């Protein structure tokens, strides 16, 4: 696929997706949404991709929604017709697609990440930030509400009190506050951010089973909404039984005993267990 707002580059099993509208501070529009969703579809279908890094071109990660429509920028009723429950916001379509990813996703936030620019990163698994990065859940200052399913993700990441403070004030805050709050994992100098993200991605790609990571990613995310640990016990018993009998488990043990690098073979696109996606059994959608 040809992309106009995103760069799609695979190097040594790591896919780097770069938001590529630097003249607009990588502002988010429907084309970028569609291209990012297509990029995640392509990555899931490509077993050579072991880890995904998402970053921005230029001095910003994503400065939020493109405001070309002026006062009607967020008027979904006029833009798409219909009202209420029939409407779905663009950011939410992207967040839900990232949530379904079969590969680990690392956000390398190289600059301003505001509005959809930060909420699109919440379903990513690990976020690193440049010391130049600034964040803001600015919705109340624009007369709108949390979007992109961020009312589900944000309090699970930082707790409801801090999520509410950031949502109530809509203020811009620095990377140090994001780090204290648990929104990001680490802060790096601008020229060290992508190397740090790639080092982390290499640690994953070179040493772990892609199938283990597919299952572990969904085990952790899906259990955030479980009512009791018995739900985790039931499903991780199934995943352990599946993986324990697999060639990857045999290879993991034998390579450890032989003190050699493991060569895992299970394919995330072809070898998934029959019960995956298990959450559909309970209609978790």
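The values are calculated or read from the model by the stated rules, or taken from the named source; none is laboratory data. The structure presented is a predicted model; accordingly, all values stated were derived computationally and were not measured. Quick reminder, even Gly has a Cβ in these numbers, built from the backbone with ideal geometry, and neighbours come from all protein chains shown.
Here is a check on your reading of the model: is residue 107 in contact with a strand residue (DSSP E or B) (Cβ under 8 Å, 6 or more places away or on another chain), surrounded by 20 or more Cβ atoms within 10 Å (Cβ to Cβ), in a helix (DSSP H, G or I) and at pLDDT 95 or above?
So residue 107 does not fit the description; no.
Sort through 118, 144, 98 and tell me the only one that's closer than 19 Å to residue 60 by Cα and either under 14 Å from the mean Cα position of the chain (by Cα) or in contact (Cβ under 8 Å) with a residue 60 or more places away in the chain (or both).
118
Is it the case that residue 161 is within 18 Å of the chain's Cα centre (by Cα), more than 21 Å from residue 200 (Cβ to Cβ) and either free of Cβ contacts under 8 Å to residues at least 60 places away in the same chain or surrounded by fewer than 21 Cβ atoms within 10 Å (Cβ to Cβ) (or both)?
Against the criterion (within 18 Å of the chain's Cα centre (by Cα), more than 21 Å from residue 200 (Cβ to Cβ) and either free of Cβ contacts under 8 Å to residues at least 60 places away in the same chain or surrounded by fewer than 21 Cβ atoms within 10 Å (Cβ to Cβ) (or both)), residue 161 does not qualify.
Scan the range 157-193 residue by residue and report those that are outside any helix (DSSP H, G or I) and touching a strand residue (DSSP E or B) at 6+ places or on another chain (Cβ under 9 Å).
Selection gives 170, 171, 172, 173, 174, 183, 184, 185, 186, 187, 188, 189.
Residues being over 24 Å from residue 101 (Cβ atoms) and in contact (Cβ under 8 Å) with a residue 24 or more places away in the chain: count how many of those fall in the range 252-285.
1
So which residues in the range 7-30 are in contact with a strand residue (DSSP E or B) (Cβ under 6 Å, 6 or more places away or on another chain), buried (at least 20 other Cβ atoms within 10 Å of the Cβ) and within 22 Å of residue 92 (Cα to Cα)?
16, 17, 18, 19, 25, 26, 28
Would you be able to say whether some residue in the range 198-215 is outside the structural domain of residue 265 (by TED's automatic domain parsing), farther than 30 Å from residue 244 by Cα and modelled with pLDDT of 95 or more?
Within the range 198-215, none of the residues are outside the structural domain of residue 265 (by TED's automatic domain parsing), farther than 30 Å from residue 244 by Cα and modelled with pLDDT of 95 or more.
Would you kindly identify the helices (runs of 4 or more DSSP H) lying entirely within the range 194-285 that contain at least 1 residues that are over 24 Å from the mean Cα position of the chain (by Cα) and crowded, with 17+ Cβ neighbours inside 10 Å?
Helices (runs of 4 or more DSSP H) meeting the threshold: 229-244, 247-258.
Rundown of residues vs (1) in contact with a helix residue (DSSP H, G or I) (Cβ under 9 Å, 6 or more places away or on another chain); (2) more than 20 Å from residue 123 (Cα to Cα), yes/no style:
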residue: 188; (1), (2): yes, yes
residue: 192; (1), (2): no, yes
residue: 198; (1), (2): no, no
residue: 243; (1), (2): yes, yes
residue: 259; (1), (2): no, yes
residue: 280; (1), (2): no, no
